[in-house]
Amino acid sequence: MALPVPVLPEGVDPAWLPPAAFRPLGGRRTLIRGSGPLVETVHGEVAEACARFGGEVVRAFGPGESPYDLVLELTGPEELGDEGFTCVRRQGRTTVAAHGQAGLLYGLFHVVRLGEKAFSHDRPKQAHRPALGLRMLDHWDNVAVHPVMGQVERGYAGGSLFWADGLARGELERVRAYGRLLAACGINAVAVNNVNVHETEAHLLTDRIGEVARIAGALRPYGIRTHLSVTFAAPMVLGALPSADPLDASVRAWWAEATARVYEEIEDFGGYVVKADSEGQPGPFAYGRSHADGANLLAAALAPHGGTVHWRCFVYDHRQDWRDRTTDRARAAYDHFTPLDGEFADNAVLQVKHGPLDFQVREPVSPLIGAMPRTRLAVEVQATQEYTGQQRHVCWLGRMWSEVLRFRPDGDTEVGALARGGLVAVSNAGDDPFWTGHPLAQANLYTFGRLAWQPDADPYRFLSEWIELTFTPEAAGGAGEGARLRASLGEVLTGSWQTYEKYTAPLGVGFMVQPGHHYGPSVDGYEYSPWGTYHFADRDGVGVDRSVATGTGYAGQYAKPWAEVYESPGTCPDELLLFFHHVPYDHVLHSGKTVIQHLYDTHFEGVEEVERAREVWASLEDLVGPARHARGAERYEEQLRGAREWRDQINSYFFRKSGVPDARGRRIY
Ligand code: GCV
């Protein structure tokens, strides 16, 4: 039985799956061969397109019948795995063949992306399969509204899609629609609660697992496995044991039993996500045990059922003394985890933030990636724009993520290939009508999924795909206007990350944000705090000396060639100079400018770029739909206000510290 396509609640934006994106499937005869629940999902999708745009879908060859335009069949080669597929067009027929049901679903969405091109001319057989087996979103959603963080920690898109009024939502149609959007960009796993596991959420593992099972049931038809964040202290919090020591037999038995019960409820449960010994969350250090002991405890409980533990490496001292310049937070993940390489169970994945600090607009790639050859690593990026404008500012992160994924830690293998445990993003979606607050922030979610499928691809290709799917020419009122719309959106999104970088913290130095909520500038907001995030600006210069020769030694955590490149200000790339070095304001960059003049120039330029983007958006009023336009316009006002505030605070601060005037005499306060 075909599974009906989810119906979006009134007023909710269809994002990159507007009905019009399926028009090319209309008016055609489609044959679907194979059976299984995801095949029924595929059938439902095609049937919906036929209902709207004409055409017919059949499930079995009739005798003598062959005039099919599209064939979707479960006969693909086993080598392509469960998620791969082939696509070919020959003699007037487009055929997608997959070995597994998920592959058929991905193949269908591939055809949707191709649009008319899928049917217009012959195409040679091409094989597609994801480079990474796990393409996951971590939701930092709380069930109960947290007094400080609200419902979604670092969420800028309303409340949780999964939880409302202290329970799993009763109506899960929108969760199904979310699963559909995620499948259409290749995502196959979702963790449904915050890695900071509070009292209420701890219970999802045991007495409230039924609620998780319902959510899993809504995501499953789109090939998405559900994962849960758990507290390491669960045996004490939930099981009344006196300890959570990973080597204690009763603790091990407790986890084994609890996990077996999870699988009774959710047969295809993906596994656990754990934040341990990090920012106050409990962990194995309390018992004098290592993080390998901790991760392996949960891995052992999950192994009989085929689950995986995602163990986060965000372990650092968040109670540092700012006076102590020898402790360097950037070093922490590498220092904690590299000695344990080879000690983790096969079904334990270490989840590493892409940079050594915390999702700043510019950071080097974490040296931990590439330094643990005997361990499965997953790389974590942040789609939710905690430090990149909180979905009030446009900041398309595809280029940043692509740079991370294409970085070669040892000068040879790319991060995208080293991330054998997968790619994970902190989700930016919520119950907002546009899913992501700023409608243009949808592009981040879409690009993430596509990059996780193909990490070495050109990210701009995925940006164009998102634009083409989301803004169909017919929605824009015809082909000519469609072209203008797409060019304009490309213009405002393509360089938006670099624009954001220009008007905020300069040259990789990071932070300089308002403490707590992290929105807006505060140059010294974290300078005398315990969080380990400093810039050390004084009257002579700015930046953190992380060299081996005179600094914290962090640069030495890299393999060659990077250890040498980063060690000296003469070879360090400009954009990371202040991350690695403390330099005088008149230090001359590779660009030929002094640090201080670069800082002034970029801050003026950044604001001008926002002014221009706001105008471009204003010119699209008739093309993007009134609600979307109004939302974007309101956000652009705020982005411009915010960019000016950043410019003026940063420029004034450094002018006052250094006494060096702007060479171009512009207004600084
Ligand atoms: C979920 C940063 C954020 C925290 C977040 C943490 C993490 O510190 O500000 O809100 O906690 O990262 O990744 O665990």
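Multiplying the residue separation of D538 and E343 by 0.36 nm and subtracting their alpha-carbon distance yields 65.8 nm.
Extending 7 Å from the Cα toward the beta-carbon at both E79 and V616 defines two label points whose distance is 4.3 nm. The rule of thumb for compact globular proteins, 2.2 N^0.38 Å, goes into the C-alpha radius of gyration of the chain 0.98 times. Scanning the chain for trypsin sites (Lys or Arg not before Pro) that sit in a DSSP loop and have at most 11 other Cβ atoms within 10 Å, the longest stretch containing none of them is 1-318.
Converting phi to 3J(HN,Hα) with the Karplus coefficients 6.51, -1.76 and 1.60 and the offset θ = phi - 60°, the range 612-621 yields 5, 4, 4, 5, 4, 4, 4, 6, 9, 3 Hz in sequence order, with x at every glycine or proline. Relative contact order for the chain: 11 percent, from Cα pairs under 8 Å spaced at least 6 residues apart, divided by residue count. Here the range 558-669 is treated as a sphere whose radius is the Kirkwood value from Cα pairs; by Stokes-Einstein at 4 °C and 1.567 mPa s it diffuses with a coefficient of 78 µm²/s. For the range 19-128, the Stokes-Einstein estimate of translational diffusion at 4 °C and a viscosity of 1.567 mPa s comes to 96 µm²/s, using the Kirkwood hydrodynamic radius over alpha-carbon pairs.
Would you calculate the separation in nanometres between label points at K560 and R484, each defined as 7 Å from the Cα along the Cα-to-beta-carbon direction? Label at K560, label at R484, 5.8 nm between them.
Between amide H atoms placed 1.01 Å from N, distances below 5 Å from D138 occur with A191, A425, V426, S427, all of them 5 or more places distant or on a separate chain. At most 14 other C-beta atoms within 10 Å and a DSSP loop state: those are the exposed GluC sites (Glu not before Pro) I care about. Give me the longest piece of the chain that has none. My reading of the result: 280-473 is the longest stretch. Near G553, the amide H atoms lying under 5 Å from its own belong to S547, V548; only residues 5 or more places off or on other chains count, and H is placed 1.01 Å from N.
Among H305, H393, the ranking by other beta carbons within 10 Å of each residue's beta carbon, starting with the fewest, stands as H305, H393. Distant-in-sequence amide contacts of V71, defined by a placed amide H-H separation under 5 Å and a gap of 5 or more residues or a different chain, comprise L31, T94, T95, V96.
Kirkwood analysis of the range 247-403, using all unique Cα-Cα pairs, places the hydrodynamic radius at 17.2 Å. Pull up the DSSP beta bridges for the chain and report the antiparallel fraction as a percent, rounded to 5. Roughly 30 percent of the DSSP beta bridges within the chain come out antiparallel. Taking 0.36 nm per residue of sequence separation and removing the Cα-Cα distance, the T327/A60 pair yields an extension gain of 89.4 nm. With R₀ set to 25 Å, the beta-carbon distance separating E171 from V148 gives a calculated FRET efficiency near 0.30. Lysine pair count for the chain (Cα-Cα distance under 19 Å; residues 8 or more apart in sequence or on different chains): 4. Given their separation in residues at 0.36 nm each and the Cα-Cα distance between them, Y287 and Y669 gain 132.2 nm when the chain is fully extended.
Backbone geometry of the range 624-634 corresponds, through the Karplus equation with coefficients 6.51, -1.76 and 1.60 at θ = phi - 60°, to 3J(HN,Hα) couplings of 9, x, x, 5, 5, 5, 4, 4, x, 5, 4 Hz, x marking Gly and Pro. If R0 equals 22 Å, the separation of the Cβ atoms of D574 and T550 corresponds to a calculated FRET efficiency of about 0.65.
Bear in mind these aren't lab numbers, they're just calculated from the coordinates by the rules spelled out. All figures in this text were calculated on a predicted structure; none of them were measured in a lab. Neighbour counts are summed over all protein chains in view; Cβ atoms, including those assigned to glycine, are modelled from backbone coordinates with ideal geometry.
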